[in-house]
Structure formats: C-alpha cells, structure tokens
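Colleague: One structure is given below, represented as structure tokens, and several questions about it will come after.
The values are calculated or read from the model by the stated rules, or taken from the named source; none is laboratory data. Since the model is a prediction, treat every value here as computed from it, not as a measurement. Every residue, glycine among them, receives a Cβ derived from its backbone with ideal geometry; neighbour counts consider all protein chains shown.
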Amino acid sequence: MLLHIPDILLPNELEVVRRVLDQSAFVDGKLTAGKAAERVKHNTELDREQPQRDTLAQIVVTALYRSETFRTAALPLKLGTPIFARYTPGMAYGWHVDDPVMGQGPHYRTDVSFTLFLSEPEEYDGGELTIRTSFGERKVKLKAGDAVIYPSGTLHQVAEVTRGVRLVSIGWIQSMVRDPSQREILFELAGARNKLLADNAGAPETDAVDHAYINLVRMWSEV
C-alpha cells in the first residue's frame, strides 16, 4: 500500500525543523547505506553526532504517532530513529530496496518505509521519489509536512535534483502485522469500522465489524 498522509508536521514544527537543519552539519549519506545501496546513494545526511539530532527525531516520531492514519496504516510496533537527508544539484539515490533489518542497538525488521517531505515542491527541481508498484511507477513529490508510506520491500529511487535543495526525513517501521496485504485489509476495515462507530454505534452490524477488526489484528499480530 502506497499512502499519502498530509500534514504530519504542524507549521510551527516544520519551521523549527527547517531552521535547525539549516544550521546543522551534514555528512556523506553512504555512511548509513547497506552494501548494495551505497553504490547508488548520493546524498548527505544530518551527522549522527549532532546533539540536535535526537530533538529533531523526536519531533518527527511524535508527529507520526499523532496521526491516526499513520497508526492505522502502519500498525507500528517499533520505529527506528529517523534520518534527515539533503539532496543538492547532482545528487540522487538510484533504484534500491531497503535493508530488511536495521538498528545499531536493538534490531528491528523493516516492514514500512516513510518519507516526510521538508522542502516545498517549488524549492527544487527533480528529486521525485519514484516507487515501483504492480500498477507501474508512481512519482511522489509532496508539500512540506506531508509524508508517504510504502512497503519497505518495494523497489524505489530518488531522481536527480537539478535545482535547489531537497530536504526529507526518512525512516522505517516494524509493524505488528508483517504482511503488507494484511495491513491493507486492516486499514480498509478500520476506515469502515470507525465510520460505523461514529454514525451507528451499538448496531449489530457495527459490533460485527468492530469484533472482526479486533480479532483479525489479534490473529495477524506479531508482538
């Protein structure tokens, strides 16, 4: 499931993140790439030794968990520390699949990837996130503060930036539900469940959908 989630960051949060990043040191992005990805990865990332990194990461994580759409779609169990990446003219990230297991301390499986856009689309040319799906390639370039999530096993790339600066935060989630098709079913069912609970609480069909959702999560969860 490829899902656009608007307005993850509030305007004041976006302003803080942008201001801090503008004053921060970035290093070669290959330092965090796997063996295959480092051949095609050409960007810079916020230095992990920067003391402001943890504060920025907490802003992003808090904003993600605040979104009901994110929680319902990703069903997060573990979320790794987000990375802040910068692309300037000539930089790109070729076709790759994210590593299956990440983490410098406790490891976690990567089921869902996210990209949170921090630059407005008009601030740079190129830089589209292109994701290969069963329906063809989808190009994603969202307004600042919006995010996209997609299965981590999906082949994807970042097109070359030809003008301006592309700033994003990226990260990976281990979901309670490993299988992407099961997560999609649960996401669709959750939407119907929430509407029924809001409009027709207590009705037999509402209770049936509610119980079905709860028991499917119980059946498919790995915790």
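Colleague: Might you let me know whether the range 201-217 holds any residue that is part of a helix (DSSP H, G or I), farther than 30 Å from ARG19 by Cα, touching a residue at least 24 places away in the same chain (Cβ under 8 Å) and of a type outside the set (A, V, I, L, M)?
Modeller: Yes, that holds for at least one residue.
Colleague: Sticking with this one: Out of LEU197, LEU189, report the one residue that is touching an Asp or Glu at 6+ places or on another chain (Cβ under 8 Å), surrounded by 14 or more Cβ atoms within 10 Å (Cβ to Cβ) and more than 26 Å from PRO100 (Cβ to Cβ).
Modeller: LEU197
Colleague: In the set GLU38, GLU15, GLU68, GLU45, which member is farther than 26 Å from HIS156 by Cβ and of a type in the set (Asp, Glu)?
Modeller: After applying the criteria, what remains is GLU15.
Colleague: Now, a different point. Only residues that are among the polar types (S, T, N, Q), surrounded by 18 or more Cβ atoms within 10 Å (Cβ to Cβ) and part of a loop (DSSP other than H, G, I, E, B): list them for the range 95-120, please.
Modeller: THR110, SER119
Colleague: Out of all the residues in the range 60-75, which are under 30 Å from ASP47 (Cβ atoms) and over 11 Å from the mean Cα position of the chain (by Cα)?
Modeller: Those that are under 30 Å from ASP47 (Cβ atoms) and over 11 Å from the mean Cα position of the chain (by Cα): THR62, ALA63, TYR65, ARG66, SER67.
Colleague: Right, here's the next one. Filter the range 127-181 for residues that are of a type in the set (A, V, I, L, M), closer than 25 Å to LEU9 by Cα and either outside any strand (DSSP E or B) or in contact with a His (Cβ under 8 Å, 6 or more places away or on another chain) (or both) and give the result.
Modeller: Within the range 127-181, LEU129, ILE131, VAL140, LEU142, ALA144, ALA147, VAL148, ALA159, VAL165, MET176 qualify.
Colleague: Residues of the range 25-72 being farther than 21 Å from GLY127 by Cα and polar (S, T, N, Q), which ones?
Modeller: GLN50, GLN52, THR55, GLN58, THR62, SER67, THR69, THR72
Colleague: Would you check if there is a residue in the range 170-191 being closer than 25 Å to PRO82 by Cα and among the acidic types (Asp, Glu)?
Modeller: yes
Colleague: Continuing with the same structure: Just wondering, is there one or more residues in the range 58-74 that are closer than 25 Å to ARG163 by Cα, modelled with pLDDT of 95 or more and touching a Gly at 6+ places or on another chain (Cβ under 9 Å)?
Modeller: The answer is no, given that none of the residues of the range 58-74 is closer than 25 Å to ARG163 by Cα, modelled with pLDDT of 95 or more and touching a Gly at 6+ places or on another chain (Cβ under 9 Å).
Colleague: Which residue, of VAL209, VAL177, is at pLDDT 95 or above and more than 18 Å from the chain's Cα centre (by Cα)?
Modeller: Answer to the selection: VAL209.
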